[in-house]
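In what follows, a structure is listed as structure tokens, so that the remarks can point back to it.
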Amino acid sequence: MKLNTDFMIKTFLAALKGIPVTLEITVVTLLLSAPIAFFMALKRLHKKGIGSRITAGYVSFVRGTPIVLQILFLYSLLPSLLNYLLNRVLELDFDVFGVPPILYAFAVFGLNTTAVLSEVFRSALLTVGHGQMEAAISVGLSRRQAYLRIIIPQAMVSALPNICNTTVNLLKSTSLAFMMTVKDIMAIAKVQAAYGYNYIEAYLVVLLIYILLCTLVQLLFKAVERYLSSYKKLVTC
Amino acid sequence: MLEVKDIHKSYSGNEILKGVSLKVEKGDIIVILGPSGSGKTTLLRCLNFLERAEKGSIDFDGIHTEFKSATGHQINEIRKRTGFVFQNYNLFANKTALQNVTEGLIVARKVPKKEAVDRAKQALDKVGLSDRYDYYPSQLSGGQQQRVGIARAIAVNPDVILFDEPTSALDPELVGEVLNVMKSLAEEGATMVVVTHEMGFAQDVASRVVFMDGGTIVEEGTPHEIFSRPRDPRTIQFLRRILREDYEYSI
Ligand SMILES: Nc1ncnc2c1ncn2[C@@H]1O[C@H](COP(=O)(O)OP(=O)(O)OP(=O)(O)O)[C@@H](O)[C@H]1O
Ligand SMILES: [Mg+2]
């Protein structure tokens, strides 16, 4: 078998144009998910109330279902449902089917990432001993101040490796966005490949781009981690 | 200055403090002794509202507070008047020694930064750490960490400092430096309530020794009264056991 290198170069250049879309989905999803996930993690730490139980149920539901299935459900069911709700029940004049598909991508990946991150944050908050909270309170800080100044900064450092994992996983799963007709790296490559059945070459190109992107993300997180964890210096003398 | 009356505290139906009353005058050094599980830690934690007692009251310079119904404001007032030194130091791991001490001044008490830094440095100097201002807890020995913990507690000028076994997490050779710091604080007139198993410290420094067992105060008196003429059989048994351990340890 011989690879069509001309095609590969062409596809590579074309697929590069999908990078901004892939990154947009990744970044927007993270920005949407992180605050909600953090709030959920706090809810689950203070075990009382139904907030904690609802959160736990949501997390195990989302994590227990394949993301492909979530996409299929959300993308095929939600528009019809919304259409019915908004236009029939509420009698608004809203074109549900004109919603840009990338919004659906934000929704699906956001649902998943929120669930994963809430677990990440929860265990990170647990790594900071309760004793530091008590010490903060005993010198007069409020709980809120203690969280903001003492607990969260440390929890974030210990969460970074897991946040990095989550980000890499998210970045990779955005390649499913083509199912929702989003024009990301994967979608562009597939279209290119379809002209002359050069699927192998197209997938190789996509593979290369994802490896590059994921490596970059990991390097970025390493740098941030090194910067933030300066207080963990070892005894030098 | 400080008087607690009839503290009761249970955990899931299990009564741990069964009506403890304690009076502390300015300049008192009260050492609390007692076997493991007798409720010493719980007592200190209730005083600082780290746990909420179900019954009892605390009078601080004539200000009366019921544990059960204390408001957030009342709790803050009492916490402002008390410092707490923890068995496991509980230093803020993401802050330097200096920042550990300034935190309560700047954030909680709104002391201007420059003044806070000066006061924090004084406190650290007092515990012998003038050369460790910018070290993180992970760069300090256990004894040094506990001394930062003491500096953090005294910097806010509390009326009384509560110590919960401040030396029991330390290697034996580091115990002395922490006890010396506490001794010099006592000589300067600080008011302290100290839970410890260091009998030497109790004998030398305490103005009053309190012996607790099973969630009540069994006996209290001067160090001389408790160590030379204990009356209650539980005190006698406890002292015999602990002094024997000390003796065996020293040979
Ligand atoms: N958060 C808690 N939940 C349930 N039980 C507790 C809790 N904290 C303490 N206890 C119980 O209360 C009792 C007294 O505990 P406390 O820590 O006050 O003892 P102590 O006198 O400080 O003992 P030690 O010398 O070992 O430190 C123990 O039996 C302990 O099991
Ligand atoms: Mg204890």
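Between A:ASN162 and A:LEU69, the FRET efficiency estimated from the beta carbon spacing at R0 = 22 angstrom works out to 0.35. Classify the stretch A:19-182 from the C-alpha gyration tensor, please: rounded if a/c falls under 1.5, else prolate or oblate depending on whether a/b exceeds b/c. Note, shape of the stretch A:19-182 comes out prolate.
Whenever you get a sec, compute what percent of the accessible area on the stretch B:116-247 sits on carbon and sulfur atoms (1.4 Å probe).
Working: 2420 of 5590 Å².
That share works out to 43 percent.
Quick one: angle between helix A:101-127 and the longest Cα principal axis of chain A, in degrees between 0 and 90, rounded to 10, please. Helix A:101-127 and the main axis of chain A meet at about 30 degrees.
What is the mean number of Cβ atoms from other protein chains located within 10 Å of the Cβ atom of each residue in peptide B:93-99, rounded to a whole number? The partial results should precede the final answer.
Values: counts 9, 16, 6, 1, 0, 0, 2.
Rounded to a whole number, the mean comes out at 5.
Compare the peptides A:173-184, A:127-138, A:16-27 by average per-residue count of other Cβ atoms within 10 angstrom and give them in order, highest first.
Numbers: A:173-184: 20.2, A:127-138: 18.8, A:16-27: 17.2.
Peptide ranking by packing, descending: A:173-184, A:127-138, A:16-27.
In whole Å, how far is the Cα centre of the stretch A:169-230 from that of the stretch A:22-87? Answer, in whole Å: 23. In sequence order, the stretch A:39-48 has phi-based couplings of 4, 5, 4, 4, 4, 6, 6, 8, 4, 5 Hz under the Karplus curve 6.51 cos²θ - 1.76 cosθ + 1.60, θ = phi - 60°, and Gly or Pro positions carry x. Heavy atoms of chains A and B lose about 2000 Å² of accessible surface on contact, summed over both sides with a 1.4 Å probe. A straight chain from A:SER52 to A:LYS222 at 0.36 nm per residue would run longer than the Cα-Cα distance by 58.0 nm.
Rolling a 1.4 angstrom probe over the protein heavy atoms with all chains in place gives the stretch A:79-173 an accessible area of 46 Å² per residue. Between A:LEU16 and A:LEU81, full extension at 0.36 nm per residue minus the direct alpha carbon distance yields a gain of 19.9 nm.
Divide by every residue of the protein assembly as shown the summed helix terms, -39500 (n - 2.57) for each DSSP H run of at least 4, and state the resulting mean residue ellipticity at 222 nm, rounded to the nearest 500 deg cm²/dmol. Can you show the working numbers first?
Working: 19 runs with 274 residues, N = 488.
Taken over the protein assembly as shown, the calculation gives -18000 deg cm²/dmol.
In the stretch B:74-116, which GluC sites (Glu not before Pro) are in a loop and have at most 11 other Cβ atoms within 10 Å, using DSSP for the loop call? Taking the stretch B:74-116 and a limit of 11 other Cβ atoms within 10 Å, no loop GluC sites (Glu not before Pro) are found.
Phi angles of the stretch B:64-69 translate, via the Karplus equation with coefficients 6.51, -1.76, 1.60 and θ = phi - 60°, into HN-Hα couplings of 9, 9, 8, 4, 5, 10 Hz per residue; Gly and Pro are given as x. Gain on full extension, evaluated as 0.36 nm per residue between A:LEU126 and A:VAL89 minus their Cα-Cα distance, stands at 8.8 nm. For the peptide A:128-137, the mean number of other protein chain Cβ atoms found within 10 angstrom of a residue's Cβ is 6. A protection proxy built from the mean count of other Cβ atoms within 10 Å ranks the segments A:94-103, B:230-239, A:217-226, most packed first, as B:230-239, A:217-226, A:94-103. Phi-derived couplings, Karplus 6.51 cos²θ - 1.76 cosθ + 1.60 at θ = phi - 60°, listed residue by residue for the stretch A:51-60: x, 5, 6, 4, 4, 4, x, 4, 4, 6 Hz, with x used for Gly and Pro.
Within chain B, what percent of beta bridges assigned by DSSP are antiparallel, to the nearest 5? Walk me through the intermediate numbers first.
Values: 22 of 38 bridges.
Given both bridge residues lie in chain B, the antiparallel proportion sits at roughly 60 percent.
Across the residues of B:73-86, average count of Cβ atoms on other protein chains within 10 Å? Taking the mean over all residues of the peptide, I get 2.
The values are calculated or read from the model by the stated rules, or taken from the named source; none is laboratory data. Keep in mind that this is a model prediction, so the values were computed, not measured. Counting neighbours? That spans all protein chains shown, and the Cβs are built from the backbone with ideal geometry, glycine included. What goes into the accessible areas is simple: the full protein's heavy atoms, side chains included, and nothing from ligands, DNA or RNA. Shrake-Rupley method; radii C 1.70, N 1.55, O 1.52, S 1.80 Å.
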